[in-house]
Structures are given as structure tokens and as C-alpha cells.
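A quick write-up on the structure given underneath.
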Amino acid sequence: MLRFEKRPQPSQVWTYLTPLLAVVITMIAGAALFAALGKDPVAAITTIFWEPLFGEFAFYYRPQLLIKGAPLVLIAIGLSLGFRAGIWNIGAEGQYIIGALTGAGVGLAFYPMESWVIFPLMVLAGALGGWIWAMIPAILKLRFGTNEILVSLMLVYVAEKLLAAMALGLMKNPEGMGFPGSRNLRQYESAHNAELITGSGMHWGVVAAMIAVIFAYILLNRHILGYHIRLTGQAPRAARFAGVNPARLVLFCLGTSGALAGLAGMFEVAGPAGQVSIDFNVGYGFTAIIVAFLGRLHPVGILLAGLLMALTYIGGELAQSNLGLPAAAIQLFQGMLLFFLLAVDVLTNYRIRLSRSEGVA
Amino acid sequence: MDFGSINPVLLLASLMVAATPILLAALGELVVERAGVLNLGVEGMMIIGAICGFAVAVNTGSPVLGFVAAAGGGALLSLLFALLTQFALANQVASGLALTLFGLGLSALLGQGYVGIKPPPVGKLDIPLLGDIPVLGPILFSHDLMVYFGLGLVLAIWAMLKYTRAGLVLRAVGENHDAAHALGYKVVRIRVLAILFGGACAGLGGAYISLIRVPQWTEGMTAGAGWIALALVVFASWKAGRVLLGAWIFGGVTVLQLNLQAAGIAIPVEYLSMSPYLITILVLVIMSADRSRAPASLGRIFHASQ
């Protein structure tokens, strides 16, 4: 009979090993899934994980890794702060959309003026938009005690409708022959989030993600606020006695994650996506939840997890075009990863013992 | 704009239909939460129910079998959640989210061949005399069986929780799992059963959307209904009767905004279709002042050695 015995301290070794174990199990289960779909499992797995990095066209796919990874890391860093403190912002997708709308809105308002001020203003507007959208669940939670999970999630759907309204209405390109979608910001130099080094995939969003990782690391390890976040997550009662102000934490965690998600949206709309369109958002806000957990809510871990998840996006697209693997299979693959991670996580907090007789539990 | 085109009788009749999916899902989640488990995967289980029900109904030509399969599919997915939270002792919030992400992916994969197909029609009950009553007849007595099943389920769950021994044990587990364990009740077993029941109900709710309300299959078609169902449980202060009331309010808002769209009101469609989500937030704000009714062990991990 298998029995779980709670460890006095979470295992250090397993803290690092479980994400790797989860990735390996997901690869195996994924291979089985692809085989069940009638595809060669080995070819599918190598197409997803090997081809984009070392394959024939790697020069094209490697920059994509940064482009797809940056928003994931940026959002996940913000989410991880709240998740550590037990504050669940599930609506990053909505904050991402609003950040893109406010950022693009500022850019479009200046069209066709050319000035170096425009892009920094858009960055500010994007962060502010995401921040405001995240402040709604934060303030409602503090003022009325509403559940931030449900409110932030409902706001995703509201944001999606708002995006559609903007793409079809206010922000529609007046010279777009009636097609939905805004002007293309890539063709508007002052607002374009261009590659900093051509062909590298490095744009301002990537820089922002790097800075976010460094700041989060310093915050969590060297700053009293980060200590309060960790303390609240691990021992809420002790945190209260130590004088941690829970309201301030809620505002800080939700606000920061909202602002970072907004930034991610803004960098995306001004660069890789180029325009506000109905289907602009592709679920980065939700995938970032997986990234945050896979990275153990640790900034460096999140950086690695974000790159890995970006790889599954790129490899997934490749597998779609080369092997005819359905897009949904990749989505499922990412969902499985979180499942297995949560399952093997039991090893971190519990020791598994074989017990011959039923002891006194 | 033409408000005259909105028929209040038809509006109330379609309110009953619009309320049924979230009613079923919320009732399931109510039982789960009364057992002290917070399953945030309702959206995932609903969409799995929607595709399982749709696929089986299309292939067999029998909507009844479709609903059975939907309940099975939802329960099977919830079993994953039960394994994670009750045996691997994982965080319930994270596991619920995982369930939703996984369910959305899996349903999209399963549903690939079913886009654009019409499911077999579900007959409406024509209750001979009652259905002919003017006004009340079309509102109350001319629906499909699932509407009445939902109403019956409200009654059954209310009575079960209030009057039966099983209901008492379920509530005990949800209020204080350590005490229930000390009394010799199998906390984990009871919770797993509650989770499975919740999954089956969510599956039925999802199938109602794909087989009757829409009726066709599109990816992500539940569009937040599962999350609204979760909000409904909070709104109802964990009481079965008030879940029904809440479901009717949400059903009413949904139907009204659809009718306003059809009537050509001057507000763009996108803004109108925000209303169910905004109303949900509003209701949460109003109802959340009173947190005392939430089951005391809600969301806490139970481990017998502690």
C-alpha cells in the first residue's frame, strides 16, 4: 500500500527535478497522443522540440523563440508574484488585450505624425491599460470581498468583446477598404516595435521581459516587499502578525501583473502582430499560467519555462504544416504539461512510503 | 429599432432554455463545494460534455445517448481533477485551471470532424392540457425534457442536503474534514464522489448547449458559461434554490440582450454581448459581502496524517 508522508520541509532536489520530470512525462504522453492520431510519434516530437532549434530552417525559427517567449515570460513573471501570495489573477488575457488596445490607441491617435515620443507614450499607455483592467478585480476584492479569480476571468470576455468592437469600429483603418482591423503599426515608423538587431527577433518586448526577470528576482530575494509576498503565501497568519498589509499586497500583485500583461499586449500589437484585429489575442495570458507554474514561480525558472513553451508554439506550428498535426493537439499538449506538473509535485511536499500494514494514520 | 418585435411570452420561454446549461453546471459545482472542494474546471468539463454529447448524438442519432455520454465524459475529466487534488494533494485552484485548459484543448481535438454538422433534433414535451394554457403554457410546459430534469435536480439536491443522512455527511465533510474523518467518514471517498457528480452535471450542461441551445459544435462554444456557473454558486450562498433564481436572472439577461440585438437597438452587438459577464461581476459584488456561508473547509487540502 502506498502512503504519503508529509515532509517537514519541501524537498530541494525535487523542487528542481519535478518540472523536468513533468516535461519528460508530457513528451511520452504526447507521443502516445500523436501515435493515436495516426502520426509518427518520434517524428512529431522531434519536429516540435528539435527542428526549430537545430533543424534546417533553425535560422528562421530561433528568433521566433524570443518573439513568442517574451510575452509569455513578461505575463508569467507578473502572475507568479500574485500566485506566491495566494492572489489569483486568471485574467491576464484580458489585461493583455486592453494593454494592446490602449497602446495601439495612443499610437493611432498620433498618426501620421512622426516623433520619437510616440513609442514611449504607447509603452506607458499599454502598461497603464493593463494596470487599470487588473485594478478592477483588485479594488472589488478589497472593497466588497469579491473573488478575484471570477472577476478577472469575466473581464477577459469583456475585453474580447471590446477588442471586437474596436477592430470593427473606433480603431478600424479608414483606408482599409472596409476590412476589420486597424492601420498596420508596422508601417508607421514612430509606433513600430521594430527588431533592435535585424534577424535576431530581439524587440523592446524581449528587453522588457529580461528587465522584468531581473527585477522580480531582486524583489523576491532582496526586498522586504518580496519577503512579504513569500511570507503571505507560506504562512498567511504569521504574515498578519508580522505587520504585512494584505490590501497593499493585493493592489501590488494584481497591479504589477496587469501592467506587465498590458505591456506584453502593447509590444505584440506594435510589433509581431502589427494591428488591432478581432483575433489578435492567441491565449498567451492563459498559457502564461502554465509557464508560471512550470517555472516554479521563480523568475529564472519562468524564463526557461517561457522559452520551452514558446518552443512548443513554434514546433507546434511546424508540426501542423509538416505533419498535418491539428492545432488543438498542441493546445492539449500544453494543458497536459500543467497536469503532469501538478501530479508529480506531490513528490516535493510528500515522501512516498511503502507500508505493509495500515499504521495509525 | 422595434421593441414591439420582442414577445414577452417567448422571452420568458427562452429564458428557461438559456438558464438550463448554467443551472445544471452550477448545481453540480454546488455539491462539490458543499463537500469542501473548489473545482475551477467547470468550463473544461462543460466543453468536454458538449463535444462528447454532440459526437455520440450525431453518430448514434440519439440525443438521449448523447446526454448520457456527456455526463460520462464530464465525470471522466473530473476524475483527473479528483486524482490530482485528493490523491496527489495538489493545489485545487491550479488543478482546476489545468482541467479547463486541458478540456478546451481536448474538446477542440475531438471536435475536428464535427464542425458544421447538425445534431439530431431533441423533441419537445407536448404536455396535452397544460401546454395549451395561454401564456403559462408556452413558458412553463412546452420545453424539452432536460429543462424539467434541471428543475427536478434543484429539488432533489435541496432535499438531499437538507433532509437526508447523506446530505448531512457531505456537509460535515465540507465544513470540517478533520472532524468528519475523526468520526470515521471516508473524506476522500465522499469528495471523489462529489467531484464525479459535479463533472457529470457540468457535462450535461455542456451537452445542452451543443445539442439543444445552439445546436451545433464550434470550438470554445461554452464561452465562459462554466465560469458563470461558478459565480452562480457564490451568488446562491451555496443553496440549491437560489442557484435556480440566479440561473434565471442570467438566462434572462442573455436572452434579453439577444432580443435587443435582433430588435436592432442602436448599441453595437459587441457591447450588448458583454452584458452577461458584466452582470455576473455586478452580482458577485452585491453577494460577496456575506462570506460566512461558504463551507469552512472549501479549498483546503485534506491529508489524514495531519
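The values are calculated or read from the model by the stated rules, or taken from the named source; none is laboratory data. Worth saying up front: this structure is predicted, and the values here are computed from it rather than measured. Backbone-built Cβ (ideal geometry, glycine too); neighbour counts: all protein chains shown. Surface areas here come from the heavy atoms of the whole protein model, side chains and all, with no ligands, DNA or RNA. Shrake-Rupley method; radii C 1.70, N 1.55, O 1.52, S 1.80 Å.
Residue A:280 - would you say it is part of a helix (DSSP H, G or I), under 27 Å from residue A:338 (Cβ atoms) and open to solvent by 10 Å² or more (accessible area, probe 1.4 Å)?
Working: part of a helix (DSSP H, G or I): no; under 27 Å from residue A:338 (Cβ atoms): yes; open to solvent by 10 Å² or more (accessible area, probe 1.4 Å): yes.
In short, no.
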Could you check the range A:139-234 for helices (runs of 4 or more DSSP H) lying wholly inside it with 2 or more residues that are in contact (Cβ under 8 Å) with a residue 40 or more places away in the chain and open to solvent by 60 Å² or more (accessible area, probe 1.4 Å)? A:148-168, A:204-222
Selection from the range B:191-205 of residues β-branched (Val, Ile, Thr) and either closer than 25 Å to residue B:64 by Cβ or open to solvent by less than 10 Å² (accessible area, probe 1.4 Å) (or both) yields B:195
When the range B:206-222 is checked residue by residue, the ones that are open to solvent by less than 30 Å² (accessible area, probe 1.4 Å) and either more than 14 Å from every other protein chain (Cβ to nearest Cβ) or part of a helix (DSSP H, G or I) (or both) are B:206, B:207, B:208, B:209, B:210, B:211
How about the range B:5-44: which of its residues are part of a helix (DSSP H, G or I) and at positive phi? none
Could you run through the range A:3-61 and say how many residues are over 23 Å from residue A:329 (Cβ atoms) and of a type in the set (Phe, Trp, Tyr)? 4
Any chance the range B:15-36 includes a residue that's modelled with pLDDT under 80, more than 21 Å from residue A:152 (Cα to Cα) and either open to solvent by 20 Å² or more (accessible area, probe 1.4 Å) or not β-branched (Val, Ile, Thr) (or both)? no
Restricting to the range B:81-90, and then to whatever is out of contact with any strand residue (DSSP E or B) (no Cβ under 8 Å at 6 or more places or on another chain) and at the interface with another protein chain (Cβ under 7 Å from one of its Cβ atoms), can you tell me which residue is surrounded by the fewest Cβ atoms within 10 Å (Cβ to Cβ)? B:88
Residue list for the range A:233-268, filter: farther than 29 Å from residue A:118 by Cα and polar (S, T, N, Q): A:234, A:245
Report yes if some residue within the range B:265-275 is at pLDDT 80 or above, within 21 Å of the chain's Cα centre (by Cα) and assigned to a helix (DSSP H, G or I); otherwise report no. yes
Part of a loop (DSSP other than H, G, I, E, B), touching a residue at least 12 places away in the same chain (Cβ under 8 Å) and among the aliphatic types (A, V, I, L, M), is that true of residue A:297? yes
Looking at the range A:235-253 only, could you name the residues that are among the aliphatic types (A, V, I, L, M), over 21 Å from the mean Cα position of the chain (by Cα) and either open to solvent by 30 Å² or more (accessible area, probe 1.4 Å) or within 10 Å of residue A:86 (Cα to Cα) (or both)? A:235, A:238, A:242, A:247
Answer yes if at least one residue in the range A:157-173 is away from chain B (no Cβ under 14 Å) and over 19 Å from the mean Cα position of the chain (by Cα), and no otherwise. yes
When the residues of the range B:92-121 are narrowed to those that are more than 7 Å from every other protein chain (Cβ to nearest Cβ) and polar (S, T, N, Q), which ends up farthest from residue A:336 (Cα to Cα)? B:92
Scan (1) open to solvent by 10 Å² or more (accessible area, probe 1.4 Å); (2) under 15 Å from the mean Cα position of the chain (by Cα) for the single condition residue A:290 breaks and write down its number. (1)
Test: residue B:93 is assigned to a helix (DSSP H, G or I), touching a Leu at 6+ places or on another chain (Cβ under 8 Å) and β-branched (Val, Ile, Thr): yes
Filtered residues of the range B:70-80 (kept if under 12 Å from residue B:207 (Cβ atoms) and surrounded by fewer than 24 Cβ atoms within 10 Å (Cβ to Cβ)): B:72
Looking at B:225, B:194, can you tell me which residue is within 14 Å of chain A (Cβ to nearest Cβ), of a type in the set (Gly, Ala, Ser) and at negative phi? B:225
Looking for whichever is closer than 30 Å to residue B:302 by Cα and out of contact with any strand residue (DSSP E or B) (no Cβ under 8 Å at 6 or more places or on another chain) here; the options are A:50, A:116, A:14. Which one fits? A:14
Looking at the range B:30-45, which of the residues that are charged (D, E, K, R) and under 20 Å from residue B:206 (Cβ atoms) is farthest from the other protein chains (Cβ to nearest Cβ)? B:33
Taking the stated definitions as given, is residue A:58 within 22 Å of residue A:27 (Cβ to Cβ) and within 14 Å of chain B (Cβ to nearest Cβ)? no
For residue B:163, the lone unmet condition from (1) in contact with a helix residue (DSSP H, G or I) (Cβ under 6 Å, 6 or more places away or on another chain); (2) more than 14 Å from chain A (Cβ to nearest Cβ); (3) farther than 25 Å from residue B:67 by Cα; (4) modelled with pLDDT of 80 or more is (1)
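For residues that are away from chain B (no Cβ under 11 Å) and in a helix (DSSP H, G or I), scanning just the range A:317-339, find the one that is nearest to residue A:209 (Cα to Cα).
My answer is A:317.
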Restricting the search to the range A:1-48, which residues are within 11 Å of chain B (Cβ to nearest Cβ) and open to solvent by 90 Å² or more (accessible area, probe 1.4 Å)? A:2, A:3, A:6
The lone exception for residue B:235 - which of (1) more than 9 Å from chain A (Cβ to nearest Cβ); (2) open to solvent by less than 60 Å² (accessible area, probe 1.4 Å); (3) more than 22 Å from residue B:156 (Cβ to Cβ) it fails: (3)
